[in-house]
Ligand SMILES: Cc1cc2nc3c(=O)[nH]c(=O)nc-3n(C[C@H](O)[C@H](O)[C@H](O)COP(=O)(O)OP(=O)(O)OC[C@H]3O[C@@H](n4cnc5c(N)ncnc54)[C@H](O)[C@@H]3O)c2cc1C
């Protein structure tokens with residue numbers, strides 16, 4: 001059974017923010033694919049929920065005059081996969097969210113819910129880390145912009161305070177323009193499975209040299225992370241299989257993986273090395289496997 005004591009459907013963003021202010025105990029429900037499971041499992045009881053599905057302002061993807069991208073948190077994964085702005089500028093995100101669950105989940109689950117539940121396995125998160133995404137967080141009285149790298153504070157924990165709502169995910173033009181990217185997920189089966197490791201890479205290159213590279217990982221630590229040590233090696237690096245191999249090995253220094261039933265720490269480290277190497281080779285046009 002679902003132990004739901006009270007449900008409120010917000011009609012507008014202002015309505016949602018004032019309801020949150022007046023009801024600090026209320027829990028936001030987006031697609032509900034995490035929240036409803038937690039209620040069903042008894043992890044949340046006597047739930048007071050506020051739905052935000054009817055707020056149009058949270059369900060758009062736009063490009064502003066500066067070329068910065070704004071992704072509404074209520075965008076479902078299917079809508080992101082099919083969105084022209086995403087496919088034109090940051091296809092890595094379409095690739096990443098296309099790896100989530102199955103079609104039924106992707107039709108209802110949202111990118112806002114994926115990020116706000118704080119899971120290190122969130123498939124959208126590593127790409128958003130690579131893209132230096134910033135989250136707009138609003139209350140009825142205030143608004144702040146937080147880099148995604150500061151949003152996660154621990155396993156399943158984010159910095160959101162009672163009364164706060166994520167209302168925009170922003171990617172600046174300078175962070176995607178001229179980059180090419182790809183997301184590689186290793187899971188025990190090819191659909192309906194949480195990542196054992198998720199690896200997102202974006203880079204700029206001219207065929208000879210990698211001028212910039214960003215590597216984001218999921219399940220490599222208690223929160224999604226960037227591999228800054230490997231990025232430092234990769235930036236300015238001459239493209240060769242040997243150099244890519246050396247850079248991919250350096251990803252392990254930023255990892256804090258753990259053993260779990262899905263995979264050991266050692267296996268995860270091997271996966272990160274292998275997936276990073278394959279992603280970079282794919283992006284620079286080398287065969288992925290020797
Ligand atoms: C069968 C199945 C398979 C799955 N497979 C995957 C997978 O392969 N990869 C993956 O990453 N995930 C997977 N998931 C997890 C889940 O679908 C995602 O995390 C999803 O993106 C959550 O989005 P939602 O809209 O359903 O969030 P909800 O369940 O509605 O909310 C999740 C959390 O975010 C909060 N929240 C939502 N929106 C906001 C907002 N705008 N502001 C503030 N807080 C907010 C809610 O209060 C709640 O705490 C799977 C789930 C299921 C049931």
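Read the figures in this text as sums done on the coordinates, not as results from a lab. Treat the numbers as computed from the prediction; the structure is a model and nothing was measured. Glycine gets a Cβ as well: all are built from the backbone with ideal geometry, and neighbour counts include every protein chain shown.
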**Message:** Applying a 10 Å radius around every beta-carbon, put 167-173, 190-196 in order of their mean neighbour count, most first.
**Reply:** 167-173, 190-196
**Asked** Which value at 222 nm does the chain reach when only helices count, each DSSP H run of 4 or more adding -39,500 (n - 2.57), with the total divided by all residues and rounded to the nearest 500 deg cm²/dmol?
**Response** -9000 deg cm²/dmol
**Request:** Estimate the FRET efficiency between residue 266 and residue 245 by the formula 1/(1 + (r/R0)^6), using the beta-carbon distance for r and 22 Å for R0, to the nearest 0.05.
**Result:** 0.75
**Prompt:** Taking square-rooted eigenvalues a ≥ b ≥ c of the alpha carbon gyration tensor, is segment 176-284 rounded, prolate or oblate, where a/c under 1.5 means rounded and, failing that, a/b exceeding b/c means prolate?
**Reply:** prolate
**Descending Cα extents along the principal axes, segment 1-92, whole Å** = 44, 28, 16
**Prompt:** Rg and Dmax of segment 182-230, using alpha carbons, in Å: what are they?
**Reply:** 13.0, 39
**Request:** Alpha carbons only, please: Rg and Dmax for segment 24-138, in angstrom.
**Result:** 14.4, 47
**Complete:** Classified through the alpha carbon gyration tensor (a ≥ b ≥ c as square roots of its eigenvalues; rounded if a/c is under 1.5, else prolate when a/b is larger than b/c, else oblate), the chain comes out prolate
**Request:** Give, in nm to one decimal, the length gained when the segment between residue 56 and residue 107 is fully stretched (0.36 nm per residue of separation minus the Cα-Cα distance).
**Result:** 16.7 nm
**Request:** For segment 1-66 and segment 233-290, compute the distance between their C-alpha centroids and round to whole Å.
**Result:** 38
